[in-house]
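So the structure is just underneath, and the comments pick up after that.
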Amino acid sequence: MSTMFSKVIPVPPQARRVILVSIDWTRDKDPRLPLGHASIVAALRNADFDVQAFSFAINRPGFSEERILSSILECARGLESRDVDLGLGVYIWNDRVVKRLLGALRRSGFEGRIILGGPQISYAGEGLEKLYPEVDGFIRGYGEEAMVALAATSERIPFPGVHWAGQVDAGLQAQAKLETLASPFLRDVIELSAEQRFIRWETQRGCPFRCSFCQHREAGSRLRRRDLPMARLAEEMELFVRSGVDDIAVLDPLFNLGDHALTVLRTFRRLDYRGRLSLQCHFSTLDDEFLHACEGLDVRLEFGLQTIHEKEARAVERVNHLEKVEEGIRKLHARGIPFEVSIIFGLPEQTLASFRQTLDFCLRRQVPVLKAFPLMLLRGTQLERERARWGLEENNAPIPSVVRSYTFDEQEWSRMEALAEALRRTEGSHPDCVEALEERVAPAPDTSDWWSPAA
């Protein structure tokens, strides 16, 4: 894909202009606009705002910070500063770029209003002005309704979840009425074509779990799960089938929970959808009714196991019941349903030996695709706040990973990293035990593109 995409939505000339910029970590098959970005564009378009949306792929050849700067300045040219809002999503992979861009914008004379959102904002505590001194406003939480409200006026209006620089920070999260949100697919913000057969999609938001390393939770609480209306989802599914979409990655943090998931799967079956569905699931909620609903569909179920050790699991508030895990694996094998399991290395309380045991547990049970990812300390998570408790230290990579703790040193972490790379090279044909996997270990793995936020 190209490193930049823009789409202008024409509306009456008296409207204020909203420039939305997304700096993404992408794959070749990804749509040109990411789903979250496109959902905000759809909300603004639904409200008849003048929107110009840019998406730049930070991990693609040709990425240029200067090009982002010039695109924004050109888009704002000739407009009064009070009539321009610039919105940027801030993530762990683009935080440094965004900070440089903000300074460059102000030095170049950009006087429009700058509004930041995204996980790096949503999960940050007080002091956002110190991190981003050039910024006027910050949106914590869902951005669709907040951006529509802010774009309607140049005034600093109060809105739940919006913090204006220099004012008292209430630390609230913006919400969204899912039953009325505009669909980026039905509004043609994400265009489907013969060239765009893969999409990322959501059927609900929120997660009932409280994993301390994850940003799917609000500080100190579970992020309440809410379903998107089935009427909208059914329209989207019909559109996907008509448009020839053949690969859908469902971004729901936990798909296999309750009747909503069953209805989605049964609707795909009714529509005779022949493409792949990748679904994020949990072994604790994997039952026969859900597995039966998967029959007749090309599903790939993805499970985040993270570790088999209770001490490590309790340290990150992600306890697994191994009997349910083993039962689930047996059922998946018996039904011939493709699945994959992901684990984490660098966890609190983890050692090289315990990581090997988690690997061995999965390999001996013939998990067809096993993936191991390095632990990251995401802003605002409980684990990030408790790093000193566990002695967690990060490297200086563009996307930092934990490489040292009280229970492993950097050399042992490098050994875990090498085992993870061996999993990558044997994906689909893993050896049947950790000792055999170690025979496949190669020196000095290149992990620069390991983690993707959309993985």
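Tell me whether the range 317-334 contains one or more residues that are crowded, with 20+ Cβ neighbours inside 10 Å, within 30 Å of residue 415 (Cα to Cα), among the basic types (Lys, Arg) and touching a Cys at 6+ places or on another chain (Cβ under 9 Å).
yes
Considering only the range 311-351, how many residues are in a loop (DSSP other than H, G, I, E, B) and farther than 16 Å from residue 365 by Cβ?
So the count comes out to 10.
Of everything in the range 276-320, what is among the β-branched types (Val, Ile, Thr), within 23 Å of residue 352 (Cβ to Cβ) and in contact (Cβ under 8 Å) with a residue 24 or more places away in the chain? Give them in sequence order.
307, 308, 316
A quick yes/no check of all residues on (1) exposed (fewer than 14 other Cβ atoms within 10 Å of the Cβ); (2) aliphatic (A, V, I, L, M):
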position	(1), (2)
54	no, no
57	no, yes
61	yes, no
66	yes, no
70	yes, no
74	yes, no
78	yes, no
84	no, yes
87	no, no
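Being on the phi < 0 side of the Ramachandran plot, assigned to a loop (DSSP other than H, G, I, E, B) and modelled with pLDDT of 95 or more narrows it down to one residue among 191, 129, 111; which is it?
Working: 191 fails: modelled with pLDDT of 95 or more; 129 fails: assigned to a loop (DSSP other than H, G, I, E, B).
Step by step, each of 191, 129, 111 is checked, and only 111 is on the phi < 0 side of the Ramachandran plot, assigned to a loop (DSSP other than H, G, I, E, B) and modelled with pLDDT of 95 or more.
From the list 68, 23, which one is assigned to a strand (DSSP E or B), at pLDDT 85 or above, in contact with a helix residue (DSSP H, G or I) (Cβ under 9 Å, 6 or more places away or on another chain) and not small (Gly, Ala, Ser)? Walk me through how you get there before you give the answer.
Numbers: 68 fails: assigned to a strand (DSSP E or B).
Residue meeting the stated conditions: 23.
Determine whether the range 389-407 contains at least one residue that is of a type in the set (Lys, Arg), on the phi < 0 side of the Ramachandran plot and in a helix (DSSP H, G or I).
Checked the range 389-407: at least one residue is of a type in the set (Lys, Arg), on the phi < 0 side of the Ramachandran plot and in a helix (DSSP H, G or I).
Do we have any residue at all in the range 250-258 that's in the same structural domain as residue 226 (by TED's automatic domain parsing), modelled with pLDDT of 95 or more and either part of a strand (DSSP E or B) or over 30 Å from residue 382 (Cα atoms) (or both)?
yes
Quick check: is even one residue across the range 293-310 basic (Lys, Arg), over 30 Å from residue 410 (Cα atoms) and not in a helix (DSSP H, G or I)?
We begin by selecting, within the range 293-310, every residue basic (Lys, Arg); these are 300.
Of the ones still in play, those that are also over 30 Å from residue 410 (Cα atoms) are 300.
Next, from what is left, pick out any that are not in a helix (DSSP H, G or I): 300.
Looking through the range 293-310, at least one residue is basic (Lys, Arg), over 30 Å from residue 410 (Cα atoms) and not in a helix (DSSP H, G or I).
The values are calculated or read from the model by the stated rules, or taken from the named source; none is laboratory data. These numbers were taken from a predicted model, which means no experiment stands behind them. Quick reminder, even Gly has a Cβ in these numbers, built from the backbone with ideal geometry, and neighbours come from all protein chains shown.
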